[in-house]
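One structure is given below, encoded as structure tokens.
Readers should treat all values here as calculations from the given coordinates under stated rules, not as data from a laboratory. As the structure is a computational prediction, the values presented were derived from the model and not from experiment. Note: ideal-geometry Cβ built from the backbone for every residue, glycine included; neighbour counts use all protein chains shown.
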Number of protein chains: 2
Amino acid sequence: MYQRKIPKEFYCTVDYALDIFGGKWKPRLLCIIANDEPIRYQKLKEQMENISDTALADSLKELQNAGIVKRHQFNEMPLRVEYSLTAKGETLIPVLNKISAWAIQNSSSSIYQGKHFKQIHQKAFQTKKNGD
Amino acid sequence: MYQRKIPKEFYCTVDYALDIFGGKWKPRLLCIIANDEPIRYQKLKEQMENISDTALADSLKELQNAGIVKRHQFNEMPLRVEYSLTAKGETLIPVLNKISAWAIQNSSSSIYQGKHFKQIHQKAFQTKKNGD
DNA sequence: CGGCATCCAAAGCGATACTG
DNA sequence: CAGTATCGCTTTGGATGCCG
């Protein structure tokens, strides 16, 4: 886990919120967890497709520290760990859907051509999670 | 303006939206413009309080390229330039308000102690802009 | 006044190797 | 299996100086 030398500062509420669920990985991560919870580390990594362990572990830890995601460890052999949303995490879904809806309305359709884009988008933030 | 070596990719609609209005400066910038438009470059810089010209000019240019902010130049002496939201930019305000509302509900009250935080938050995303 | 060009420090992030 | 430690490259962004 990287340690900042200069502490972060927030100047508006949006800054604060985006520190929790914004950035390079966390929107997609939340999208996948919301649709597939509880989900194991390896499956999460596969669905992220191009994330490193470093980035995945760090992102998950940040989401846990923010109380958005919970981690459940089964002390089996081999080890099994499952991630899912907390109640607070669930409250984020309508917010993400609002952002998603804006993006769909206000973008050129060309951005939807990437296959991963479509898949994840449809699964997660278009429809609310449908109970798996 | 920095040129990326590795092109950006988006995997979900939220990624796409946050590329437009997320990041370190743009939420606050939009907040200030929404409340004070049209607003001049220098005043914008003062209200941002700790932004460099490099970061401010780059952020403004990105917002212009995304069609969120418009620039109006008066060829007076000395030069005057004013920034304001486009119609598309206005559609972002409810989205930002939604994010802001979530942050207020789901955060410890301690984060509101910074004076800048309160000021900007109240002016911009709580109430819709009130016509100045 | 409203920027842009250059340079450099800080932060983000992947690859690899390793651990419980 | 589910991560962590270290390293180095990529990217961000502030300081300074310059220009129309």
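Things to note:
- Residue-wise HN-Hα coupling along region A:33-41, computed from phi with Karplus coefficients 6.51, -1.76, 1.60 (Hz; x: Gly, Pro): 4, 4, 8, 9, 6, x, 10, 7, 3
- For B:THR86, residues with placed amide H under 5 Å, excluding near neighbours: B:VAL69, B:LYS70
- Computed about the Cα centre, the dipole magnitude for region A:44-86 is approximately 180 debye when only Lys and Arg (+1) and Asp and Glu (-1) carry charge, each at its Cβ.
- Sparse-neighbour loop sites [GluC sites (Glu not before Pro); region A:10-65; at most 14 other C-beta within 10 Å; DSSP]: A:GLU49
- Nitroxide proxy distance, nm - points 7 Å out along Cα→Cβ at A:LYS24 and A:LYS88: 2.5
- Taking amide H as placed 1.01 Å from N in the peptide plane, B:PHE10 has no amide H partner under 5 Å among residues 5 or more places away or on another chain.
- Distances, shortest first, from the label point of A:ILE6 to those at the same position in the other copies read 2.3 nm; the point lies 7 Å along Cα to C-beta.
- Backbone amide hydrogens, once placed in the peptide plane, bring B:ARG40 within less than 5 Å of B:TYR83, excluding anything fewer than 5 places away on its chain.
- Inter-copy label distances at B:THR54 (7 Å, Cα→Cβ; nm, one decimal): 2.3
- Positive dipole terminus of region A:1-87, leading residue within A:CYS31, A:TYR11, A:TYR83 (C-beta point charges): A:TYR11
- With label points defined 7 Å past Cα in the direction of Cβ, position B:GLU82 shows copy-to-copy spacings of 5.9 nm, given to one decimal and shortest first.
- Region A:66-81 - phi-based ³J(HN,Hα) in whole Hz, Karplus 6.51/-1.76/1.60, Gly and Pro as x: 7, x, 8, 10, 10, 10, 10, 9, 9, 7, 8, 10, x, 4, 10, 10
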